[in-house]
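A.B. asks: Dumping the structure here so I can ask a few things about it.
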Ligand code: V47
């Protein structure tokens with residue numbers, strides 16, 4: 001799909017037709033399956049040297065809302081049934097390199113099965129500069145200490161115009177893409193995000209997606225793309241959040257344009273549970289996970305719950321007509337939920353999943369796009 005075609009689809013009034021197109025692409029790879037993960041998000045500190053215009057999460061040391069976790073605080077938030085821990089935080093002015101490595105090692109020692117998806121390209125760039133290490137050295141040492149993957153945050157929108165207006169001191173597109181390229185070359189799979197629904201234009205959204213598609217053609221290292229709807233909170237860059245229609249269009253066009261990224265995530269935290277469930281028919285094949293405690297979007301007054309139960313995720317997936325598939329952080333299948341307890345028309349009465357949980361640790365499927373010696 002070309003830039004012009006993608007822009008034309010944004011103008012389309014036939015929302016259902018657009019959803020059907022994207023759903024056909026999703027179905028061709030994943031059929032009726034929709035993925036979720038039993039995971040925990042941890043944001044070890046909100047103290048940050050940056051003050052981005054759109055961010056309600058970051059603060060300065062000494063302010064009443066500032067917090068800093070110890071490694072024990074991080075461990076206390078984890079439990080053995082989790083498959084993934086997702087770590088994203090502020091750019092802390094004082095924490096040492098050893099502290100980050102120790103955090104990884106401590107998690108791996110206490111929970112050997114858990115996969116760690118931690119620190120965005122913005123944080124990796126910060127560590128590289130602060131600790132005078134190359135990006136390769138940062139990533140190699142982190143991988144040795146237990147890192148499995150990088151989350152997709154920090155990409156925001158790959159537009160210099162928007163960067164200057166909203167996050168002038170954060171890395172721009174070339175550096176974000178360079179860090180992900182290096183991660184992929186080192187066999188570390190990553191995700192990618194787009195922050196939309198503020199001052200960006202649809203052209204800038206499409207250009208962002210095209211840059212991701214180009215890198216993926218070279219490396220094949222992206223697992224998942226996550227469109228993040230801006231939560232207006234107190235920063236109020238715009239008066240209100242993007243509409244559900246805009247969410248669904250962005251989701252569908254992302255699926256159609258990113259023909260080489262295997263997974264598209266409907267992030268229930270920013271979209272809301274209902275729209276995320278509908279998005280599973282608009283090209284998305286993943287709902288993220290149970291999350292446990294979300295702080296970044298909730299600092300910006302996100303209306304969604306701060307966590308989900310496994311049962312609720314299964315219910316949301318079944319309500320969309322899909323078959324819930326539990327995965328790990330790297331999209332290996334963990335369990336397929338029993339289709340014999342399919343959703344009723346009302347979507348109610350689905351709290352119990354009768355499927356036995358798969359016990360095996362050995363992945364049954366390699367994530368698409370990661371077959372070329374990247375892992
Ligand atoms: O880069 C900050 C975004 C991102 C707001 O890889 C906001 O699976 C909306 O990395 N409204 C960090 N978004 C989150 C992140 C992430 C999230 C979900 C899944 C994955 C993944 C990664 O949060 C930041 C920024 O774009 N953000 N403030 C806000 N008010």
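A.B. asks: Kindly indicate whether residue 7 is in a helix (DSSP H, G or I), buried (at least 19 other Cβ atoms within 10 Å of the Cβ) and touching a residue at least 12 places away in the same chain (Cβ under 8 Å).
C.D. replies: Working: in a helix (DSSP H, G or I): yes; buried (at least 19 other Cβ atoms within 10 Å of the Cβ): no; touching a residue at least 12 places away in the same chain (Cβ under 8 Å): yes.
So residue 7 fails the test.
A.B. asks: Say whether the condition of being modelled with pLDDT of 95 or more and assigned to a helix (DSSP H, G or I) is met by at least one residue in the range 222-245.
C.D. replies: The answer is yes, given that some residue of the range 222-245 is modelled with pLDDT of 95 or more and assigned to a helix (DSSP H, G or I).
A.B. asks: Taking the condition of being surrounded by 15 or more Cβ atoms within 10 Å (Cβ to Cβ), within 16 Å of the ligand (Cβ to nearest atom) and in a loop (DSSP other than H, G, I, E, B), how many residues in the range 62-91 meet it?
C.D. replies: Count: 6.
A.B. asks: Sort through 94, 98 and tell me the only one that's away from the ligand (no atom under 16 Å from the Cβ), closer than 19 Å to residue 142 by Cα, modelled with pLDDT of 95 or more and not in a helix (DSSP H, G or I).
C.D. replies: Details: 98 fails: not in a helix (DSSP H, G or I).
Result: 94 is the single residue among 94, 98 that is away from the ligand (no atom under 16 Å from the Cβ), closer than 19 Å to residue 142 by Cα, modelled with pLDDT of 95 or more and not in a helix (DSSP H, G or I).
A.B. asks: Would you say residue 169 is loosely packed, with under 15 Cβ neighbours inside 10 Å, within 16 Å of the ligand (Cβ to nearest atom), closer than 25 Å to residue 46 by Cβ and modelled with pLDDT of 95 or more?
C.D. replies: Numbers: loosely packed, with under 15 Cβ neighbours inside 10 Å: yes; within 16 Å of the ligand (Cβ to nearest atom): yes; closer than 25 Å to residue 46 by Cβ: yes; modelled with pLDDT of 95 or more: yes.
It is true that residue 169 is loosely packed, with under 15 Cβ neighbours inside 10 Å, within 16 Å of the ligand (Cβ to nearest atom), closer than 25 Å to residue 46 by Cβ and modelled with pLDDT of 95 or more.
A.B. asks: While we're looking at this one, here's another question. Go through the range 108-117 residue by residue and tally those that are under 15 Å from residue 141 (Cβ atoms) and touching a helix residue (DSSP H, G or I) at 6+ places or on another chain (Cβ under 7 Å).
C.D. replies: Our first condition is that a residue be under 15 Å from residue 141 (Cβ atoms); within the range 108-117, this holds for 108, 116.
Filter again for touching a helix residue (DSSP H, G or I) at 6+ places or on another chain (Cβ under 7 Å), leaving 116.
Summing the residues that are under 15 Å from residue 141 (Cβ atoms) and touching a helix residue (DSSP H, G or I) at 6+ places or on another chain (Cβ under 7 Å) in the range 108-117 gives 1.
A.B. asks: Same structure again: Sort out which residues of the range 103-120 are out of contact with any strand residue (DSSP E or B) (no Cβ under 7 Å at 6 or more places or on another chain), in contact (Cβ under 8 Å) with a residue 40 or more places away in the chain and part of a helix (DSSP H, G or I), and write them in order of number.
C.D. replies: 103, 105
A.B. asks: Run residue 166 past the list (1) within 19 Å of residue 221 (Cβ to Cβ); (2) within 22 Å of the chain's Cα centre (by Cα) and report the number of the one that doesn't hold.
C.D. replies: Condition not satisfied by residue 166: (1).
The values are calculated or read from the model by the stated rules, or taken from the named source; none is laboratory data. As the structure is a prediction and not an experimental result, all values here were calculated from the model. For neighbour counting, all protein chains shown are included, and Cβ atoms are generated from backbone atoms with ideal geometry for every residue, glycine included.
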